[in-house]
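Take a look at the structure below.
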Amino acid sequence: MFQVCPTDIIILLNEIHKIDEENLMDKILSYCSKYDYNPQEIGDLLAESETFKRTLWLDCVDNNTIRDALVKDKLNSTATLDEW
């Protein structure tokens, strides 16, 4: 399996983001299936990164996997750089 270091987590996340799925959770599951990895082991590895945990939480809220109306409202009210 992978050694736990920031560089490996970045490499893993870059590979996961290449997977063609709608949301981050589905990308992770498809990545594990494609390369025959245990999703729990990949999750444990990624859990070492606080940034990843925050990104996953926001992605899950944004895709209604986690229902958090306050966070959803905040995400919807945040202007993107294109809107500036």
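From least to most packed, judged by other beta carbons within 10 angstrom and beginning with the fewest, Leu24, Leu46 follow the order Leu46, Leu24. Among Lys27, Lys53, a tally of other beta-carbon atoms within 10 Å of each Cβ gives an order, fewest to most, of Lys53, Lys27.
Bear in mind that the values in this text are calculations on the coordinates, not laboratory data. Everything numeric in this text was worked out from a predicted model, so none of it was measured. Here the Cβ is made from the backbone with ideal geometry for all residues, glycine too, and neighbour counts use every protein chain on show.
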